[in-house]
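One structure below.
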Amino acid sequence: MTKQSKWLMRGVILLLILTIIWMLYQTSFILQPVVIIIRAIALPFIVAGVGFYLLRPIIRWAEQKGINSLYSITIMYIVTHAC
């Protein structure tokens, strides 16, 4: 492939991407219920993931101190939900 044909291919791909974005913008009213459902489902998963990564070091520390993981998770659950 020559240098000129690579740039032509990149231009065509960019044009197709922009066309798809424009078409999605024009039909956003159709996709609005889908976006609402995805937001409703995604937010709890994001919050749970952040909570996991924030609380996991505390759970590991408690396990190293000899506390059973079930007890440490239960304690963390009570502490985080009491706030």
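The table below lists the values:
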quantity: Within the range 51-67, considering residues that are in a helix (DSSP H, G or I) and open to solvent by 100 Å² or more (accessible area, probe 1.4 Å), the one farthest from H81 (Cα to Cα); calculated: Q64
quantity: Any hit, the range 34-45, residues being at positive phi and exposed (fewer than 10 other Cβ atoms within 10 Å of the Cβ); calculated: no
quantity: Any hit, the range 9-29, residues being under 14 Å from the mean Cα position of the chain (by Cα), surrounded by 10 or more Cβ atoms within 10 Å (Cβ to Cβ) and among the small types (G, A, S); calculated: no
quantity: Filter result (open to solvent by 70 Å² or more (accessible area, probe 1.4 Å) and within 19 Å of G51 (Cβ to Cβ)) within the range 68-78; calculated: L70, Y71, I73, I75, Y77, I78
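The values are calculated or read from the model by the stated rules, or taken from the named source; none is laboratory data. Source: prediction; values computed, not measured. Here the Cβ is made from the backbone with ideal geometry for all residues, glycine too, and neighbour counts use every protein chain on show. For the accessible areas, the whole protein counts, side chains as well, though only heavy atoms, and no ligand, DNA or RNA atoms are used. Shrake-Rupley method; radii C 1.70, N 1.55, O 1.52, S 1.80 Å.
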